[in-house]
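**Student:** Here you go, one structure.
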Amino acid sequence: MDPINSAGPIKKTALLLFYGWGYNFYRRENQLRADDLLIRTKVGGILAQARSHLGALEAEYRRINLPAPSREHPLPDPRNTEQARRIERCGRAIETVTTAILNAPTPTNDFIWLRHRTEGGLLETLQAIDARLVDAAVEFHDRLVESDVAGISAETLEPRIEQWLEPLRITVRERAERLTLMV
């Protein structure tokens, strides 16, 4: 006996929600998909905190090294302006990585494709990659906050931040490659 056709209209709608439209929150794949979104949101929050810290350092640098123009010094020192631009580029690099992480795709709950792929295995692989993403984000945050960034010149800060962001970029690329291979 078919449970959907033999049900009343309210139960039929509920069953369609659970089975036909992909809202069966009891399935492991749906839990993994939700966890993936949650993990990437938390990683974005960690990187936003690091960006906020760098933004505060940038504001302090600008306050000290780029004073308001005066008659004696109508234009700021070009070296200080370049330093401020480097710090600003570092902030944009953090934002770019954060955006890539938050906008990374997750396999949709598509029942046609579900017959032809093992979505549970793919989502578990993505979960392992996301765990490495969390480690890399926490390490980046800690390095940025704990290092004496205020005492480092922007010329050396920019390569350091690029180096510290590289594990995050590698993990995001690996995640994208896994999705294209598995889908």
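Taken together, the values in this text are just the output of simple stated rules run on the coordinates, not laboratory data. All figures in this text were calculated on a predicted structure; none of them were measured in a lab. Neighbour counts run over all protein chains shown; Cβ positions are idealised from the backbone, glycine included.
**Student:** Can you list the HN-Hα couplings for segment 34-47, worked out from phi with the Karplus curve (6.51, -1.76, 1.60; θ = phi - 60°), rounded to whole Hz and with x for Gly and Pro?
**Tutor:** Per residue, the Karplus-derived 3J(HN,Hα) values read 5, 4, 4, 5, 5, 4, 5, 5, 5, 4, x, x, 5, 5 Hz.
**Student:** Taking R0 as 30 Å, what's the FRET efficiency between Glu155 and Ala128 from their Cβ-Cβ distance, rounded to 0.05?
**Tutor:** 0.20
**Student:** In nanometres, what is the gap between the two model label sites at Arg85 and Arg169, each 7 Å from Cα along Cα-to-Cβ?
**Tutor:** Between Arg85 and Arg169, the simple spin-label model gives 2.0 nm.
**Student:** Per-residue HN-Hα couplings for segment 156-162, Karplus 6.51 cos²θ - 1.76 cosθ + 1.60 at θ = phi - 60°, whole Hz, x for Gly and Pro?
**Tutor:** Result, rounded to whole Hz: 8, 5, 4, x, 5, 5, 4.
**Student:** Report the extension gain between Asp77 and Lys42 in nm, rounded to one decimal, defined as 0.36 nm multiplied by the number of residues separating them, less their alpha carbon distance.
**Tutor:** 8.6 nm
**Student:** Please compute the modelled spin-label separation between Thr96 and Thr180, points set 7 Å along Cα→Cβ, answer in nm with one decimal.
**Tutor:** In this crude label model, Thr180 to Thr96 measures out at 1.8 nm.
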